[in-house]
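Have a look at the structure below before the remarks.
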Amino acid sequence: APLDDEAKFLPDFGWLAGRLASSYDTKTEIIDDLKERGFLVHVEQYPHVYPHCWRSGEELVFRLVDEWYINMDWRQKIKDIVDDITWYPSWGQDREQDWLDNMGDWMISKKRVYGLALPIWEFEDDTVWVVGSAEELEELAVEGWEAFKGHSPHRPWIDSVKIRHPKSGLVGTRIKDVGNPWLDAGIVPYSTLRYNTDRAYWEKWFPADWVSESFPGQFRNWFYSLLAQSAAFTNKRPFKNLFSYGTLYAEDGREMHKSWGNAIWFDDGVEIMGADTMRWLYASCNPEKNLLFGYNVGDEVRRRVLIPLWNVYAFFTNYAILDNWTPTVDAMVANRPSNIPAHAQLDEWIKERVNETAVEVRAALDKYDSEKACGILEEMLDDLSNWYVRRSRRRFWKSEADTDKDAAYMTLYQVLVRFSRLMAPFMPFATEAIYQNLVASLDDGSPASIHHTLYPDADADGLNRELLDKMRLAITTASLGRAARSSMDIKLRQPLATARVNVGSQQQEADLEELAHVLAEEMNVKSIEIVSEVGELVSYKLLPNNRVLGPKFGKQFPLVKKALDALDASEAARQLQSGEGLTIEVEGNSITLTQDDVLVQTESKGDSAVASEKGVTVAVDINLTPELLQEGFARDVVRHVNNMRKESGLEISDRIELAYSATGDVAAAFANFGGYISEETLSESVTAVSLEDPFHQESIKIGDQDVTLAFNKK
């Protein structure tokens, strides 16, 4: 070993003695010395990876040193308890077993000053003694005990203690090494739970329910240390479940470093993107992958989750304040189930959806799967915001005495409170604000915080699956209708004549017939037609995925293609879109193909745009009559007027008188759809007469025509 603790050459190395090994001068002198002695063959510079201190940036050098090891020929004891643990992700179990299969002996020492001192004393005859407790150390000590007494077992105090060997009588000194930090970390289930002093207490808390740590390196560090020491002590698992995850990176995929200027401090992150946004970003990520963290990613989370949740809450509170509506006492009690009868199928459905969400989120969290739980909550939020609230919006505009309006208020109130409680562990601050306003401020007997309420639960067997499936089918169908329109660049505000729909069963056809009026509104079409044969809407062609099937079947590939050509393309496409396998016969053998194996090409029939998914096909008629165009213009007018109302600071209940200047089809739209425009914009009059000194006025384009809109507040 040529170097001392300071990387200087030892005295035995002649003219190099005392010189710093990493010094440029030392390296140059070594080359000169080799040259003088005739040993130098060649000198060149080449780039290579070399260790540097991550703090100071200084070059590091390797040292040859002696270390202390534990012989691991008893590794099978550790392997036996690994399989008693549930690992998240599941491949963690295989990774730990692989480490145990291939590891060497366990190096437990470090050449440091700080660290838990290894309790090993060495003697003149090269023997050692391992001290097992503070009591044993005091008993064996012949020097330095008073200097150590009262201190933790760290340097320099522990180094003062010398002991007498119980057998040889020689006086020994503690080795300078301290323990590997993972050695210390692995003993925590015993050292902190009174294993040696209160075994009943230890048994109450051991093993731990859950352990969590980032997985890079931990399968051979902390996880391994916990397992090894628990196997040595008790032959039992130290924890029941282990949750591991990747590393935090900047949103561009680079590591975060202060020196690179791309590190984000916690306080800055909270201040800029918000604690709830940060929390959701962590909880919703795939733990197997590295988390890309940054303000752009945070903006996406806020746009996708926090803003929609707050918009639903704001929608409810704005109208409730306007109507002076307050819930009944029964509705305010957070843990009491709703006994308010639903006045509409939509109300019943959204209550079932939040119950379904409670069942599914609990199941995910029982498996420590926060990513899945967040996905379930986002789906529920989308249904609440983009289906229930949007479908119910007009109900909040009705007269105060309308019982259906009260049912809408009561339903949205109950769902908001219950859903906020489901969201509370993930977005604790926004949900607390919602709870304080909707519950705590109205009911003195309610729990003081949303986090004091019981987490929502529901009976999975008691869910109305028929209603849930029916509405889910309607949502899918409406989404496909909008996708078909979008494929032809037809805005949703533009009414169309007809949408024709094909689904997989007679029951589904009946369900859609019942909800035809809902689908017509959602797709903005005048009528819905349910067709039994998908061939009436589209023609299909099945093509083998050459990249997949070619290597898989080799010389049989032409036979696979021939078998595909012989199938009923429409039925085969339906099976594939529904997630079913497709069975074909090739040389007497049955082969099952999946969506990855077969490419399905579709072509719409007639003047229509088509979209298909999950066994549902929707075709919308894209022919636009003058009447349909005018109605589309009217809807554009409504959008612009309502934006003007908002920009001018009007309250949502304020009435206006609306005036316009338009020609051609847009003027015809005002004439033919004036009542619709009036109702949707709260206009008491809609005229082509100019207003003197209007409250608000704008010039806009409707279609390709210039239009002037103006209004006064009534």
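Summary of values
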| item | result |
| --- | --- |
| Contacts under 9 angstrom Cβ, first residue in region 696-707 being farther than 11 Å from Tyr660 by Cβ, partner open to solvent by less than 40 Å² (accessible area, probe 1.4 Å) and among the aromatic types (Phe, Trp, Tyr), 6 or more apart | His696/Phe711; Gly703/Phe633; Gln705/Phe633 |
| Residue check, Ser225 open to solvent by less than 30 Å² (accessible area, probe 1.4 Å), polar (S, T, N, Q), over 23 Å from Glu288 (Cα atoms) and more than 20 Å from the chain's Cα centre (by Cα) | no |
| Subset of region 88-129 that is under 23 Å from Asn221 (Cα atoms) and β-branched (Val, Ile, Thr) - its residue that is most open to solvent (accessible area, probe 1.4 Å) | Val113 |
| Ala448 vs. criteria touching a helix residue (DSSP H, G or I) at 6+ places or on another chain (Cβ under 6 Å) and more than 23 Å from Leu473 (Cα to Cα) | no |
| Filtered residues of region 483-510 (kept if farther than 26 Å from Leu624 by Cβ and open to solvent by 20 Å² or more (accessible area, probe 1.4 Å)) | Gly504, Ser505, Gln506, Gln507, Gln508, Glu509, Ala510 |
| Those residues of region 36-50 which are surrounded by 10 or more Cβ atoms within 10 Å (Cβ to Cβ) and either assigned to a helix (DSSP H, G or I) or not aliphatic (A, V, I, L, M) (or both), in sequence order | none |
| Among the residues listed as Ile30, Ile78, the single one being touching a helix residue (DSSP H, G or I) at 6+ places or on another chain (Cβ under 6 Å) and either exposed (fewer than 13 other Cβ atoms within 10 Å of the Cβ) or part of a helix (DSSP H, G or I) (or both) | Ile78 |
| Enumeration of residues in region 346-368 that are closer than 18 Å to Ser284 by Cα and surrounded by 22 or more Cβ atoms within 10 Å (Cβ to Cβ) | Thr357, Ala358, Val361 |
| Residues that are of a type in the set (A, V, I, L, M) and either assigned to a loop (DSSP other than H, G, I, E, B) or at pLDDT 95 or above (or both), drawn from region 17-27 | Ala17, Ala21 |
| Residue tally, condition under 23 Å from the mean Cα position of the chain (by Cα) and either among the polar types (S, T, N, Q) or open to solvent by less than 70 Å² (accessible area, probe 1.4 Å) (or both), over region 444-459 | 3 |
| 3 or more residues farther than 16 Å from Pro308 by Cα and not aromatic (Phe, Trp, Tyr): qualifying helices (runs of 4 or more DSSP H) within region 359-467 | 370-383, 403-423 |
| Residue match in region 144-160 (condition: β-branched (Val, Ile, Thr) and either open to solvent by 70 Å² or more (accessible area, probe 1.4 Å) or in contact with a Cys (Cβ under 8 Å, 6 or more places away or on another chain) (or both)) | no |
| Residue selected from region 284-312 under the condition farther than 21 Å from Glu255 by Cβ and either open to solvent by less than 20 Å² (accessible area, probe 1.4 Å) or of a type in the set (Lys, Arg) (or both), by the criterion farthest from the chain's Cα centre (by Cα) | Val312 |
| Region 635-684 - residue that is under 40 Å from the mean Cα position of the chain (by Cα) and polar (S, T, N, Q) and, of those, surrounded by the most Cβ atoms within 10 Å (Cβ to Cβ) | Thr681 |
| Checking Ala430 against (1) touching an Asp or Glu at 6+ places or on another chain (Cβ under 8 Å); (2) more than 23 Å from Tyr388 (Cβ to Cβ); (3) not β-branched (Val, Ile, Thr), the condition it does not meet | (2) |
| Test result for Gly632, open to solvent by less than 30 Å² (accessible area, probe 1.4 Å) and without any contact (Cβ under 8 Å) to a residue 24 or more places away in the chain | no |
| Scan of region 118-154 for residues that are over 25 Å from Ile70 (Cα atoms), under 53 Å from the mean Cα position of the chain (by Cα) and part of a helix (DSSP H, G or I), ordered by number | Phe148 |
| Subset tally (residues that are open to solvent by 40 Å² or more (accessible area, probe 1.4 Å) and touching an Asp or Glu at 6+ places or on another chain (Cβ under 6 Å)) for region 572-628 | 2 |
| Residue in region 451-459 that is polar (S, T, N, Q) and over 18 Å from Ala358 (Cα atoms) present | no |
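Let's see how each residue does on (1) of a type in the set (A, V, I, L, M, F, W, C); (2) touching an Asp or Glu at 6+ places or on another chain (Cβ under 8 Å); (3) farther than 30 Å from Arg237 by Cα:
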| position | (1), (2), (3) |
| --- | --- |
| Glu44 | no, no, yes |
| Asn71 | no, yes, no |
| Asp84 | no, no, no |
| Leu118 | yes, yes, no |
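The values are calculated or read from the model by the stated rules, or taken from the named source; none is laboratory data. Keep in mind that this is a model prediction, so the values were computed, not measured. Glycine also receives a Cβ, built like all others from the backbone with ideal geometry; neighbour counts cover every protein chain displayed. Ligands, DNA and RNA are excluded from the accessible area calculation, which covers all protein heavy atoms including side chains. Shrake-Rupley method; radii C 1.70, N 1.55, O 1.52, S 1.80 Å.
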